[in-house]
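K.L.:
The structure under discussion is supplied below as structure tokens; questions concerning it will follow.
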Amino acid sequence: MNTPLVSIVTPSYNQAEFLEQTIQWVLRQDYPRLEYIIVDGGSTDGSVGIIKKYAPKLAWWISEPDRGQAEAINKGLHRARGEIVAWLNSDDFYLPGTVSKAVAAFAAHPQAGLIYGDVLAVDQRGNTVNVFKYGNWGLEGLMTFRVIGQPAVFMRRAVLEQAGYLDTSYHCLLDHQLWIRMARLSESRHVPDLWAAARYHGSAKNITRAEEFGREAYRIIEWMQTRPDLAPLFSGNEKLIWAGAHRLNAGYLLQGGKSAAALCSYGRSFLTHPPTALRQWRRIIFTALSLVGLRSARRVYLRLRRRFFSKPESR
């Protein structure tokens, strides 16, 4: 049986509340050839003590100041020796059997450089609040901002190295820009199975830095237009791309509590390409209700979403 080495990198900074669960779910994977690397940004909240507790089971770890998440991930990826690599943030976690399933998927799709599964959205306590199911989105899908769940993404290291590592000038859509660069070089494949959980909590970037996601989406649009290999695809899909960026911006603004700005961005998406905007029609309705004085709308929305989370939300 082919058992390539798999390397997992966890970047972390002051995430002691969640870090141990992330570590445990990596170490509990049933795959026999796994190396685990943790790159801490100089935490002061007890994270280093947690890392030291598991140090004998780690391939490498370090705690030192860095310039952000992208630099920390790159630092770990450069140390990784695996043929297959991934990173898992310190507030997310894998589901049982995920690494073995990813390796099997790469074996079944030898031309794929990037393979991803589906993702649970969980709250601070780990309760499921939503299920994100994706599609087989290649380069054009990624260019139109069909987002995939980073915790469930695995990469073939040879393709990652050819594409280049994370661009450290990005802080929110650093993953999506990398996926586009990798999709230029090889296939990306979706496996319709739940592989990971992404945690949504008050100190997460999607809340605290909500406005930056949209700004970086528009930066990616500028970047795509400068790439000779992407410019023709951009010209043929310009409306879809702009509508996708507006919709992404709206979604993050809504998560950050900026309902008026979110509704404006949903409006721009609708005017550019209505079907793209209407993929999130439930969120558009919630946003409109929250602006007409229904302060309880968010609580009602979250309760309903928890009750019916088994119905997946298409991204």
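K.L.:
Tell me, which helices (runs of 4 or more DSSP H) lie completely within the stretch 1-115 with 2 or more residues that are within 30 Å of ARG184 (Cα to Cα) and in contact (Cβ under 8 Å) with a residue 24 or more places away in the chain?
P.N.:
Where helices (runs of 4 or more DSSP H) fall fully within the stretch 1-115 and carry at least 2 residues being within 30 Å of ARG184 (Cα to Cα) and in contact (Cβ under 8 Å) with a residue 24 or more places away in the chain, they are 69-79, 98-108.
K.L.:
Looking at the stretch 132-144, can you tell me whether even one residue there is within 22 Å of ALA204 (Cα to Cα), of a type in the set (D, E, K, R) and under 14 Å from the mean Cα position of the chain (by Cα)?
P.N.:
yes
K.L.:
Something else: Among (1) surrounded by 16 or more Cβ atoms within 10 Å (Cβ to Cβ); (2) at pLDDT 95 or above; (3) over 23 Å from LEU185 (Cα atoms), where does ASN130 come up short?
P.N.:
Single failed check for ASN130: (2).
K.L.:
With the checklist (1) free of Cβ contacts under 8 Å to residues at least 24 places away in the same chain; (2) crowded, with 23+ Cβ neighbours inside 10 Å in hand, flag the one item THR226 doesn't pass.
P.N.:
Failed condition: (2).
K.L.:
Moving to a separate point now. Working only within the stretch 203-245, note down all residues that are of a type in the set (Asp, Glu) and over 21 Å from TYR13 (Cβ atoms).
P.N.:
GLU222, ASP229, GLU238
K.L.:
Residue by residue through the stretch 143-167, note down the ones that are free of Cβ contacts under 8 Å to residues at least 60 places away in the same chain and either in a strand (DSSP E or B) or more than 16 Å from ALA72 (Cα to Cα) (or both).
P.N.:
Listed by number, the residues that qualify are ALA152, VAL159, GLU161, GLN162, ALA163.
K.L.:
Related question: Among the numbered criteria (1) modelled with pLDDT of 95 or more; (2) surrounded by fewer than 19 Cβ atoms within 10 Å (Cβ to Cβ); (3) aromatic (Phe, Trp, Tyr); (4) under 15 Å from the mean Cα position of the chain (by Cα), which single criterion is violated by TYR170?
P.N.:
It fails just one condition, (2).
K.L.:
Could we say that LEU95 is over 16 Å from the mean Cα position of the chain (by Cα) and in the same structural domain as GLN15 (by TED's automatic domain parsing) here?
P.N.:
no
K.L.:
If we keep just the residues of the stretch 251-277 that are of a type in the set (S, T, N, Q) and at pLDDT 95 or above, which is surrounded by the most Cβ atoms within 10 Å (Cβ to Cβ)?
P.N.:
Looking at the filtered set, the residue picked out is SER269.
K.L.:
Output the number of the condition that VAL191 fails; it satisfies all remaining conditions of (1) closer than 22 Å to ASN249 by Cα; (2) outside any helix (DSSP H, G or I).
P.N.:
(1)
K.L.:
Which members of the stretch 168-186 meet the condition of being more than 16 Å from ARG209 (Cα to Cα), in a helix (DSSP H, G or I) and not basic (Lys, Arg)?
P.N.:
HIS176, GLN177, LEU178, TRP179, ILE180, MET182, ALA183
The values are calculated or read from the model by the stated rules, or taken from the named source; none is laboratory data. Fair warning: this is a prediction, and the values are worked out from it, not measured in the lab. Using ideal geometry, Cβ is built from the backbone for each residue, glycine included, and neighbour counts are taken over all protein chains shown.
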